[in-house]
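Every number here is computed from the coordinates shown, using simple stated rules; none is lab data. Remember, predicted model here, so these are calculated numbers, not experimental data. Heads up, the Cβs are rebuilt from the backbone with ideal geometry, glycines too, and the neighbour counts pull from every protein chain shown.
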Amino acid sequence: MTKPQSWEARAEEFSLYGFTDMPSVHERGTVVVTHGEGPYIFDTNGKRYLDANSGLWNMVAGFDHAGMAEAAKAQYDRLPGYHAFFGRMSDQTVMLSEKLVEVSPYDRGRVFYTNSGSEANDTMVKILWFLHGSEGNPQKRKILTRWNAYHGVTAVSASMTGKPYNEVFGLPLPGFIHLTCPHYWRFGKDGETEEEFVARLAQELDDTIQREGADTIAGFFAEPVMGAGGVIPPAKGYFQAVIPVLKKHGIPVISDEVICGFGRTGNTWGCQTYGFTPDAIISSKNLTAGYFPMGAIILGPELADRVEAAVEKIEEFPHGFTASGHPVGCAIALKAIDVVMNEGLAENVKRLAPRFEAGMKRLAENPNIGEYRGVGFMWALEAVKDKATKEPFPASLSVSERIANSCTDHGLICRPLGQSIVLCPPFIMTEAQMDEMFEKLEEALKKVF
Ligand code: PLP
């Protein structure tokens with residue numbers, strides 16, 4: 001085998017890229033990353049980038065947190081791997097389940113572990129199917145989500161995801177129903193108030209449930225703030241309007257907190273920021289501060305009891321992954337929770353959120369930015385051709401891709417999502433680093449518009 005010479009060429013020769021605009025890669029090459037320091041990453045040419053993407057929303061403690069690496073090493077030295085079934089589980093797994101219930105909105109509950117957020121959503125769907133089947137309702141299988149939602153890439157979690165790109169896989173699978181995205185700025189009708197918009201969405205939900213039959217619906221999944229949809233906080237009062245409809249029909253509410261969990265919105269959970277208590281929480285990413293691939297489902301007391309009763313019936317929950325409750329992952333998650341909650345990271349998000357918002361507001365004065373939106377440490381700018389009419393740029397112009405590429409040239413990593421530019425930096429970001437982020441983004445915007 002002859003290897004090409006450069007890192008970039010080697011990457012392109014041997015790797016299948018996921019979620020990557022390939023014409024951009026062919027034209028610009030691949031940024032091959034060697035190491036990180038705080039919120040910065042470095043490439044094979046020694047160039048430094050401020051990663052306002054936190055890796056993929058997850059590296060909240062930065063890229064070189066000594067305590068995180070030490071926690072991993074200590075656990076690798078003690079017990080480097082194990083599963084969490086057949087009546088055995090590591091002490092770290094026991095401690096993490098306790099901790100997750102303790103920091104959850106619940107006074108008691110039960111935790112199940114996966115390797116990723118996709119698997120956690122997939123597993124939650126199986127838990128609901130298992131539960132309803134065991135309770136004599138095997139027809140309760142349909143899943144309600146929203147357009148623009150992102151819940152993952154497995155066949156089930158991709159079916160929950162409300163993105164047209166999944167059509168290339170022949171997804172969604174039947175029985176996955178997508179409701180209107182609660183983005184008032186984009187989907188509110190002319191002359192419709194935000195309150196009326198929310199009432200319309202609650203009515204749509206009720207109508208959908210009546211049409212499909214409440215006895216065919218297994219559950220409703222929602223991200224408190226849609227992340228990969230382009231950082232879309234819910235319209236004001238959205239959850240307060242839809243949750244009573246779901247409750248009325250006895251449909252469990254699952255909060256997908258893979259991005260929002262552990263401080264991203266300024267509170268431990270996004271559902272706390274938006275004032276609702278779900279029946280279960282899906283966690284991943286920030287759960288380990290990105291230092292280990294891991295997901296967790298936290299069942300609230302009512303679901304925990306019902307699932308427990310279902311398990312008692314057949315004496316087993318026949319599901320699990322080889323690395324479910326991996327001891328190193330659990331030790332890292334315990335450390336990550338401690339770091340975020342006790343080393344000032346969560347406070348930093350709260351403290352700097354107003355500065356973040358002010359910076360976004362200023363950038364949104366650009367005539368080609370139609371909206372700035374976000375909360376805590378997750379924000380987006382939406383590019384538009386016409387600010388007054390909100391007319392988007394033609395997709396073929398790849399405007400957000402061009403802004404992100406220009407940012408990369410300026411040493412800033414941010415994410416193009418649809419027509420939006422998304423910023424979701426690590427929680428350790430300082431004021432000076434935040435200013436650097438805005439300066440670089442402003443330079444990039446000047447190059448494109
Ligand atoms: N749910 C949400 C809200 C996400 O943002 C993501 C990933 O970005 C997932 C689920 C899937 O997680 P993973 O990529 O770990 O499978």
**Study point:** Förster radius 25 Å - calculated FRET efficiency between His249 and Phe169, Cβ distance, rounded to 0.05
**Key:** 0.25
Exercise for review: Multiply the residue separation of Glu391 and Arg10 by 0.36 nm, subtract the distance between their alpha-carbon atoms, and state the gained length in nm to one decimal.
Suggested key: 133.1 nm
Practice item. Starting from the Cα of Ala358, step 7 Å toward the Cβ, then list every residue of segment 248-271 with an amide N under 20 Å from that point. Key: 266
Exercise for review: Please work out whether segment 13-151 counts as rounded, prolate or oblate from its C-alpha gyration tensor, where a ≥ b ≥ c are the square roots of the eigenvalues and a/c under 1.5 means rounded, while otherwise a/b larger than b/c means prolate and anything else oblate?
Suggested key: oblate
Study note, to complete from the structure: Calc'd 3J(HN,Hα), segment 15-21, phi into Karplus 6.51 cos²θ - 1.76 cosθ + 1.60 (θ = phi - 60°), Hz, glycine/Pro = x, comes to 10, 8, 7, x, 6, 10, 6
Review point. ³J(HN,Hα) across segment 293-310 via Karplus (A = 6.51, B = -1.76, C = 1.60, θ = phi - 60°), whole Hz, x for Gly/Pro?
Key: x, 7, x, 8, 10, 10, 8, x, x, 5, 5, 4, 5, 5, 5, 4, 5, 5
Review point. Once amide H atoms are placed 1.01 Å from N in the peptide plane, what residues at a sequence separation of 5 or more from Ala84, or on another chain, have their amide H within under 5 Å of its amide H?
Key: Ser324
Point to revise | Amide H partners (placed H, <5 Å) of Leu179, local residues excluded | key: Thr145, Arg146, Trp147
Point to revise | Proximal aspartates and glutamates to Lys313, defined as alpha-carbon separation beneath 15 angstrom and excluding residues fewer than eight positions away on the same chain | key: Glu135, Asp305
Study note, to complete from the structure: Under the helix-only model (-39500 (n - 2.57) for each DSSP H run of 4 or more, divided by the residues of the chain), the mean residue ellipticity at 222 nm, to 500 deg cm²/dmol, is -12500 deg cm²/dmol
Exercise for review: Kindly state, to the nearest 0.05, the FRET efficiency for Thr180 paired with Thr2, given R0 = 60 Å and r defined as their beta-carbon distance.
Suggested key: 0.65
Review point. What range in the chain is the longest one free of GluC sites (Glu not before Pro) that are in a loop by DSSP and have at most 12 other Cβ atoms within 10 angstrom?
Key: 1-314
Exercise for review: Would you please give the FRET efficiency between Asp435 and Glu343, computed as 1/(1 + (r/R0)^6) with r the Cβ-Cβ distance and R0 = 22 Å, to the nearest 0.05?
Suggested key: 0.45
Point to revise | Antiparallel bridge percentage (DSSP; both residues within the chain; nearest 5) | key: 65
**Study point:** Within segment 194-235: backbone nitrogen closer than 12 Å to the Gln139 label point (7 Å, Cα to C-beta)
**Key:** 212-217
Practice item. Please arrange Val311, Val111, Val60 by counting, for each residue, the other beta carbons lying within 10 Å of its beta carbon, fewest first. Key: Val311, Val111, Val60
Exercise for review: Return the single residue from Thr34, Thr208, Thr180 with maximal mean-square fluctuation; model: Gaussian network over the chain, springs between Cα atoms under 10 Å.
Suggested key: Thr34
Exercise for review: For every other residue with a beta carbon closer than 13 angstrom to the beta carbon of Arg211, add +1 if it is Lys or Arg and -1 if Asp or Glu, then tell me the sum.
Suggested key: -4
Revision key, fill the gap. Ordered by fewest other Cβ atoms within 10 Å, a rough proxy for footprinting exposure, Asp435, Asp122 read Asp435, Asp122
Check your understanding: Among Asp256, Asp91, which comes first, second and so on when ranked by fewest other beta-carbon atoms within 10 Å?
Key -> Asp91, Asp256
Check your understanding: If you stretched the chain out fully between Glu443 and Glu312, how much longer would it get, using 0.36 nm times the residue separation minus the C-alpha to C-alpha distance?
Key -> 41.1 nm
Review point. Roughly how many whole Å is it from the C-alpha centroid of segment 154-194 to that of segment 337-366?
Key: 29
Point to revise | Distant alpha-carbon pairs in the chain (separation over 38 angstrom), percent | key: 23
Study note, to complete from the structure: Computed ³J(HN,Hα) along segment 379-393: with the Karplus parameters 6.51/-1.76/1.60, θ = phi - 60°, integer Hz and x for glycine or proline, the list is 9, 9, 10, 9, 7, 9, 6, 10, 5, 5, 8, 6, 4, x, 6
Revision key, fill the gap. Sorted by chain and number, the residues with a modelled amide H under 5 Å from that of Leu417, at a separation of 5 or more or across chains, are Val422
**Study point:** Net charge contributed by nearby residues that have their C-beta within less than 11 Å of Ala52 (K/R +1, D/E -1)
**Key:** 0
Check your understanding: Counting Lys and Arg as +1 and Asp and Glu as -1, what is the net charge of the other residues whose Cβ lies under 13 Å from the Cβ of Gly175?
Key -> +2
